[in-house]
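What follows is a set of notes on a single structure, which appears directly below.
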Amino acid sequence: AFLSQFIYEKIFLHYTLKQWQCSPEELDSSVFERVPVVLSKDNRYFSDTFQGIPIQGYTQMCENMCKSELITLELDCDYKDVAHSLECERIFFSGAIDEFFDYELGELPYRSLYFEFMRFEREYFQSNSVINYPNNYDYTRIGEYKYFLDSKTPHSIVSFEYPKSWSRGDERYYPVPNAASAAIYEAYMQRAKALKNVYFIGRLGEYKYYDMDKVVARALELFESLS
Ligand SMILES: Cc1cc2nc3c(=O)[nH]c(=O)nc-3n(C[C@H](O)[C@H](O)[C@H](O)COP(=O)(O)OP(=O)(O)OC[C@H]3O[C@@H](n4cnc5c(N)ncnc54)[C@H](O)[C@@H]3O)c2cc1C
């Protein structure tokens with residue numbers, strides 16, 4: 001009991017107040033289940049046996065996936081601006097479901113973040129890829145990306161992540177899972193069911209936090225269910 005109280009206060013309580021600007025009771029337990037408590041000397045980012053990222057990074061991976069004559073890309077435009085000219089059998093919408101429906105049933109809440117990138121003229125800034133600061137400083141964590149790709153450079157680029165409230169127009173980062181947002185999402189899903197061949201996918205379409213592996217698995221699952 002002492003250990004659990006100690007960990008709760010040192011890691012969950014103050015971190016939640018800082019990151020989410022609310023107390024842990026106001027959020028679904030799913031938020032905390034993403035932060036496993038591990039007693040181990042494994043200093044990798046996750047605890048999966050196999051961990052990795054695409055050799056040339058995600059940007060290159062996505063660019064490779066789009067290299068097909070069957071795929072036309074239109075970038076830097078909003079779905080609503082091109083929707084009228086789309087001729088397709090199915091739409092897979094990876095944007096925010098409430099935005100799709102012009103917020104008719106209310107706005108789904110999000111948390112946002114502010115990243116401050118800094119360059120340091122030394123090989124490494126910190127001792128690990130990501131270090132969290134639940135109790136001190138205004139930032140919640142510092143990420144040092146070169147650890148992921150094991151880059152060998154004399155300098156290092158580091159990001160300081162600051163929690164930020166979200167308002168419409170900001171980048172959506174984390175859904176805020178609680179009873180109120182679940183009710184709004186459910187109401188939109190009812191609307192969505194009435195639409196034929198429009199699928200709401202991904203972290204924004206499903207209003208759910210997904211890690212990369214999970215969101216890719218989810219997309220493949222949907223594909224299988226349709227083919
Ligand atoms: C801060 C943060 C840190 C993360 N860290 C990790 C991590 O360390 N490891 C990990 O595995 N996962 C991490 N993730 C999760 C990972 O980023 C997501 O799982 C993944 O990006 C979800 O893919 P997606 O396709 O659902 O959404 P996105 O990658 O957000 O793609 C949605 C796309 O739809 C486009 N779009 C949205 N609305 C419109 C519109 N109206 N018109 C046109 N286009 C639109 C967007 O521009 C975007 O390109 C993190 C997520 C966040 C927010």
Square roots of five times the Cα gyration tensor eigenvalues for segment 79-227, Å: 36, 20, 14
Run through the DSSP bridge list for the chain and note the antiparallel percent, rounded to the nearest 5. 85
Stokes-Einstein D for segment 151-227 at 37 °C, 0.692 mPa s, Kirkwood Rh over Cα pairs, in µm²/s? 210
What does the helix-only formula give at 222 nm for the chain: each DSSP H stretch with n ≥ 4 adding -39500 (n - 2.57), the total divided by the residues, and the result rounded to the nearest 500 deg cm²/dmol? -8000 deg cm²/dmol
Rounded percent of accessible protein surface that carbon and sulfur make up, segment 144-186, 1.4 Å probe: 60
Which whole-number value in Å² is the accessible area per residue of the chain, probe 1.4 Å? 69
Hey, if we sort 27, 73, 105 by accessible area with the 1.4 Å probe, largest down, what's the order? 73, 105, 27
Rank 97, 53, 142 by mean-square fluctuation in a GNM of the chain with C-alpha springs under 10 angstrom and give only the top-ranked residue. 53
For a quick check of your reading of the filter: which trypsin sites (Lys or Arg not before Pro) in segment 43-96 sit in a DSSP loop and have no more than 12 other Cβ atoms within 10 Å? 44, 67, 90
Under 25 Å, Cα to Cα: Lys pairs in the chain, sequence gap 8 or more or different chains: 17
Report residue 203's accessible area, 1.4 Å probe, all protein chains in place, as a number in Å² to the nearest 10. 80
If you count, for each residue, the other Cβ atoms within 10 Å and average over each peptide, how do 110-116, 149-155 line up from highest to lowest? 110-116, 149-155
Dipole magnitude of the chain about its Cα centre (Cβ charges: Lys, Arg +1; Asp, Glu -1), debye to nearest 20: 580
Arrange the peptides 177-184, 164-171 so that the one whose residues have, on average, the most other Cβ atoms within 10 Å appears first. 177-184, 164-171
Local charge sum around residue 198 (other residues, Cβ-Cβ under 12 Å, Lys/Arg +1, Asp/Glu -1)? +3
What whole-number distance in Å separates the alpha-carbon centres of segment 17-86 and segment 142-207? 7
Translational diffusion coefficient (Stokes-Einstein; Kirkwood radius from C-alpha pairs) of segment 1-96 at 10 °C, 1.306 mPa s, in µm²/s: 85
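The values are calculated or read from the model by the stated rules, or taken from the named source; none is laboratory data. Note that the structure is a prediction, hence the values are computed from the model and not measured. No Cβ is skipped: glycine too gets one built from the backbone with ideal geometry, and neighbour counts run over all protein chains shown. Calculation scope for accessible area: heavy atoms of the full protein, side chains included, ligands and nucleic acids excluded. Shrake-Rupley method; radii C 1.70, N 1.55, O 1.52, S 1.80 Å.
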